[in-house]
Amino acid sequence: MLKRDCEREAEVLQAVSSGRVGDELREHIASCPGCRDLLEVASAVVDDRSALIREARIPSSGLIWWRANMRSRQQAARTAVRTASFVQIVLLITAAAIAFALVGTKLPSLDYRSVLASGMSVTIPLFALAAWLILAPVAVYFAVTEE
Amino acid sequence: MDITAVMPETTLPVECQTQTSAATARMDEETFRAFYERTSRPVWAYLVRITGDAQLADDLLQETYFRFYRAGAVYESESHRRNSLFRIATNLARDSGRKKRRGIDVPLPEDMHAMDMRDERRMDLARALGRLKPQQREILWLAYAQGSSHAEIAEIVGVSSKSIKSLLFRARRKLAEFLRA
């Protein structure tokens, strides 16, 4: 059964990183299967890492920074548009509900003359409501994009 | 390959997911670029060996740094920051592996005659790593290539630090067997 712990593992790792294995440690490694595995695996991995780091063709830090910024802004803009669209839909539904409620209360006593006479008094609040419906999502959009 | 289209948001570490909107906490350009210069090559090497695909590693590297940047988390130290970066890279590699669902390909060098012993040894290692489980590859690389402590490996890989010792022992033994085979 292979011993799981050997007190000399740290020495073996030290030898791998320095690239020098002393005679005494070499003798121990030859007699310790755990340290033999460790030496074989760690030296292969360390050499491979060094070679990969030399071979690496990575993008410049400036490019990565620029891309990260651009993507971040695009995502923020998409989130803002989604929020604005959602608010717009909610406001439209609310406006429709208010309009139906107003018409509903007027219907039982519908008199065309009085409707025409009161036209002006109804028009002004409706204009105000329409303006609010248009401007509110725009305001929300700018508030969110600034964030 | 557009990695952004296939990578779910869940690959972010938990504490980073809560801070994605914290734009104000983001690193400034100078700090980010210096950190990238220090860490990008080791992260790329890690990604190449745990995915077995250099092209995928290129894509994942960029995605890793984007997620790291966007997280905007504040770290206690350089090692915490580095561990967080490796954790993001690990999670992205795992997600890409789940989508790919195939073994690791080890591309042959263009000029086989020009291969020396060292190249052959590296190819053997790549093949042997490819036969291991993804988590075993991660643990071995972090332990011996990165020199991470057991606690750091546990944090990056997402297992308890108590189990790292036995996981590392088993992975090491298996890799040694494959290398000798």
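Assorted remarks:
- Condition broken by residue A:50, with the remaining ones in (1) surrounded by 18 or more Cβ atoms within 10 Å (Cβ to Cβ); (2) within 19 Å of residue B:41 (Cβ to Cβ) satisfied: (1)
- Matching residues, region B:72-91, being free of Cβ contacts under 8 Å to residues at least 60 places away in the same chain and crowded, with 22+ Cβ neighbours inside 10 Å: B:85, B:89
- Selection within region A:9-30 - part of a loop (DSSP other than H, G, I, E, B) and buried (at least 17 other Cβ atoms within 10 Å of the Cβ): A:21
- Test: residue in region A:63-76 that is in contact (Cβ under 8 Å) with a residue 12 or more places away in the chain, under 30 Å from residue A:139 (Cβ atoms) and in a helix (DSSP H, G or I): yes
- Count of residues meeting criterion [among the charged types (D, E, K, R) and touching an Asp or Glu at 6+ places or on another chain (Cβ under 6 Å)] in region B:119-167: 1
- Any hit, region A:14-28, residues being over 42 Å from the mean Cα position of the chain (by Cα), at the interface with chain B (Cβ under 9 Å from one of its Cβ atoms) and over 30 Å from residue B:35 (Cα atoms): no
- Comparison of A:89, A:98, A:58, A:93 shows that the only residue that is modelled with pLDDT of 90 or more and either part of a helix (DSSP H, G or I) or among the β-branched types (Val, Ile, Thr) (or both) is A:58.
- In region A:58-77, the residue that is surrounded by the fewest Cβ atoms within 10 Å (Cβ to Cβ) out of those that are closer than 20 Å to residue B:44 by Cα and facing another protein chain (nearest Cβ under 8 Å) is A:62.
- Just one of the numbered conditions (1) closer than 19 Å to residue A:70 by Cα; (2) in contact with a helix residue (DSSP H, G or I) (Cβ under 8 Å, 6 or more places away or on another chain); (3) modelled with pLDDT of 75 or more; (4) among the polar types (S, T, N, Q) is not true of residue B:83: (1).
The values are calculated or read from the model by the stated rules, or taken from the named source; none is laboratory data. A quick note: this is a predicted structure, and the numbers were derived from the prediction, not measured. Please note: Cβ atoms are built from the backbone with ideal geometry, for glycine as well, and neighbour counts cover all protein chains shown.
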